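The values are calculated or read from the model by the stated rules, or taken from the named source; none is laboratory data. Since the model is a prediction, treat every value here as computed from it, not as a measurement. Here the Cβ is made from the backbone with ideal geometry for all residues, glycine too, and neighbour counts use every protein chain on show.
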């Protein structure tokens, strides 16, 4: 039996080591604490030199987390709830690690706290990933809401707006509350023809859209926009992130320039027609004076006719 218990303890220690789990056992009445070897390793302590104790634990805890971590332990004991504790430790070499501690109290028949046993795991990698993701999300949110270009996020499942920035709301004359949880159709943003173009483009492109279309503001004002949309997964939902740039001024300038060019071409044709008629009249005058035996009135016209021949 002793050999079997010893083998079981070895297997448990091996499993704990492989999982990176340290185990602790706290006698609440006497204050005595026992740590496994992994606990010492998690805290950067030497099992042969350092002692498992609350003092050792407090000494390595990050100063900003100490009071909160102790309060959670006492709350779990007082309320007979499972302990879930996350805190930072500062190792002797100065390295900061994140620890996740869980524990369960053992109580007397009268409800008095006797012991608490639990585990600790190093969650530094997870915390760094979470912080990196959070920083990325904050940068995205800052760029999304502060950008000069109209931007929206819509759910692919129902086409409803999840978010819209201030530039978009100004462009379409909405406030943000009017946009969220509504579709572009409900906001009457597109004419029936443009809505059909948009649907056909989405089906043909697989969700990647880059083209110009006409939109309507809340007041009915027409807007020419450069529309660009890309698929995006946000909090587990498939979405589209869309940018809309108001190019109405550019389109008006282009249309005005095209109208001016057309007018210039028309006047050019008129003037060329007039010039041809003037040259023809000069030749007729020259022919008439020649018949009358008078000197040619427009010699340059005669030269031009010879060169043409």
Give the stretch 45-69 a look and list any residue that's in a loop (DSSP other than H, G, I, E, B), touching a helix residue (DSSP H, G or I) at 6+ places or on another chain (Cβ under 8 Å) and surrounded by fewer than 17 Cβ atoms within 10 Å (Cβ to Cβ), or say none.
46, 47, 50
Only residues in the stretch 40-52 that are in the same structural domain as residue 100 (by TED's automatic domain parsing) count as the first member; pair them with residues that are part of a loop (DSSP other than H, G, I, E, B) and crowded, with 16+ Cβ neighbours inside 10 Å, Cβ under 7 angstrom, at least 6 apart or cross-chain, and list the lot.
40/50
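Mind listing just one residue for me: the one in the stretch 81-130 that is outside any strand (DSSP E or B) and within 17 Å of residue 58 (Cα to Cα) and, of those, nearest to the chain's Cα centre (by Cα)?
Kept after step one, since they are outside any strand (DSSP E or B), are these residues of the stretch 81-130: 81-82, 91-95, 108-112, 123-130.
Going one step further and asking which of them are within 17 Å of residue 58 (Cα to Cα), we end up with 91-95.
Values: 91: 36, 92: 39, 93: 38, 94: 35, 95: 32 Å.
Ranking the candidates gives 95 first.
For the stretch 169-266, give me every one of the strands (runs of 3 or more DSSP E) that falls completely inside it and has 3 or more residues that are within 25 Å of the chain's Cα centre (by Cα) and loosely packed, with under 15 Cβ neighbours inside 10 Å.
Those strands (runs of 3 or more DSSP E) span 209-216, 222-234.
With the condition kept exactly as written, say whether any residue in the stretch 153-163 is surrounded by 14 or more Cβ atoms within 10 Å (Cβ to Cβ), closer than 16 Å to residue 215 by Cα and touching a strand residue (DSSP E or B) at 6+ places or on another chain (Cβ under 9 Å). Give the derivation first.
Step one: list which residues in the stretch 153-163 are surrounded by 14 or more Cβ atoms within 10 Å (Cβ to Cβ), which gives 153-156, 160-163.
Still in the running and closer than 16 Å to residue 215 by Cα: none.
Within the stretch 153-163, not a single residue is surrounded by 14 or more Cβ atoms within 10 Å (Cβ to Cβ), closer than 16 Å to residue 215 by Cα and touching a strand residue (DSSP E or B) at 6+ places or on another chain (Cβ under 9 Å).
If you check 158, 163, which single one turns out to be assigned to a strand (DSSP E or B) and touching a residue at least 12 places away in the same chain (Cβ under 8 Å)? Let's see the steps before the verdict.
Values: 158 fails: assigned to a strand (DSSP E or B).
Within the list 158, 163, the selection yields 163.
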Cβ-Cβ distance below 7 Å, separation of 6 or more or different chains: which pairs start in the stretch 191-207 with a residue that is closer than 18 Å to residue 232 by Cα and assigned by TED's automatic domain parsing to the domain that holds residue 219 and end on one that is at pLDDT 85 or above and loosely packed, with under 15 Cβ neighbours inside 10 Å?
207/231
Among the residues of the stretch 115-137, are any surrounded by fewer than 16 Cβ atoms within 10 Å (Cβ to Cβ) and over 30 Å from residue 44 (Cα atoms)?
yes
